[in-house]
Amino acid sequence: QIRLVESGGGLVQAGGSLRLSCTASGRSTGDYAMGWFRQAPGKDRTLVAASSWSGGTTMYADSVKGRFTISRDNSKNEVYLQMSSLKPEDTAIYYCVTDPSYRTFTEAQIPEFWGQGTQVTVSS
């Protein structure tokens, strides 16, 4: 079992930046793909970004390309989401996820492990 704990959410003005962090425990995630989903009020959870186990391959939702960057530190079992040029429509609960296979993300499947989420609110 893998436990994921997110941090770094909060309230920010439009145009601002936030950095989300996620720490995994229970086992090493160094060989797992990791990513971030988000869920806005009244909407489904959607993939924001994902990273292969090495960090060498990443993918992003079209809505965040050029503004968000996913990175990871396997020595710390951590993954990050640097969010810049934030918009009110980025307001959502952000969930850290991990799965043994990167194909889970590329094939739009549901990752195996989820964190509890952290709230990001962008004011206009």
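Applying the set (1) of a type in the set (Gly, Ala, Ser); (2) more than 14 Å from Val97 (Cβ to Cβ); (3) touching a residue at least 60 places away in the same chain (Cβ under 8 Å) to Ser63 leaves exactly one unmet item: (3). Taking the conditions (1) open to solvent by 10 Å² or more (accessible area, probe 1.4 Å); (2) hydrophobic (A, V, I, L, M, F, W, C); (3) modelled with pLDDT of 95 or more in turn, Leu20 satisfies each one other than (1).
Among Gly35, Gly55, Gly66, which is part of a loop (DSSP other than H, G, I, E, B) and open to solvent by less than 40 Å² (accessible area, probe 1.4 Å)?
Gly55
Can you say whether Thr29 is among the polar types (S, T, N, Q), modelled with pLDDT of 95 or more and surrounded by 12 or more Cβ atoms within 10 Å (Cβ to Cβ), as far as the supplied structure shows? When the stated conditions are applied, Thr29 does not pass them.
Within region 38-52, the residues that satisfy the criterion of being part of a loop (DSSP other than H, G, I, E, B) and not small (Gly, Ala, Ser) are Pro41, Lys43, Asp44. Being farther than 25 Å from Pro41 by Cβ, open to solvent by 40 Å² or more (accessible area, probe 1.4 Å) and over 14 Å from the mean Cα position of the chain (by Cα) is a description that applies to Lys76. Considering region 79-124, the residues that are part of a loop (DSSP other than H, G, I, E, B) and of a type in the set (Gly, Ala, Ser) include one that is most open to solvent (accessible area, probe 1.4 Å), namely Ser124.
Taking region 1-17 as the range and being open to solvent by 30 Å² or more (accessible area, probe 1.4 Å) and closer than 22 Å to Lys76 by Cβ as the test, the residues that pass are Gln1, Arg3, Val5, Ser7, Gly8, Gly9, Ser17.
The values are calculated or read from the model by the stated rules, or taken from the named source; none is laboratory data. For clarity, every value in this text was computed on a predicted model and none was experimentally measured. Glycine gets a Cβ as well: all are built from the backbone with ideal geometry, and neighbour counts include every protein chain shown. Heads up: the accessible areas ignore ligands, DNA and RNA and are worked out on the full protein's heavy atoms, side chains in. Shrake-Rupley method; radii C 1.70, N 1.55, O 1.52, S 1.80 Å.
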